[in-house]
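Just below is one structure, and these are the notes that go with it.
No lab work stands behind these numbers, since they all come straight from the coordinates. Just so it is clear, the model here is predicted, and its values are computed rather than measured. Because the Cβ atoms are built from the backbone with ideal geometry, glycine has one as well, and the counts that use them run over all protein chains shown.
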Amino acid sequence: MEAYEFQSSLTDGIIQVPAEFRNKLFGNVKVILMQENLSKNNTQNENLSQKTDFPYFAIDTTGYTFNREEANER
């Protein structure tokens, strides 16, 4: 697998591949996107969720009791 790195703009879900890479890329490709300069003040980014989900770290706490005094003593 070969890797090509370039910067592009995302317009209506379409990424423009620079002309220098178009003749090298064909068939199926793996795409990894990294957004630069993500700003909380950017109105386009207001719909991004800040929720963090950890589905693979689920712990069954049934029957677990928490003693605050014991935890504070440590």
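Odds and ends about this structure:
- Distance between modelled label sites at residue 59 and residue 17, nm, 7 Å Cα→Cβ extension: 4.5 nm
- Modelled this way, with points 7 Å down the Cα-to-C-beta line, the labels at residue 71 and residue 26 are 6.0 nm from one another.
- FRET E, pair residue 1, residue 33, Förster distance 25 Å, beta-carbon r, rounded to 0.05: 0.90
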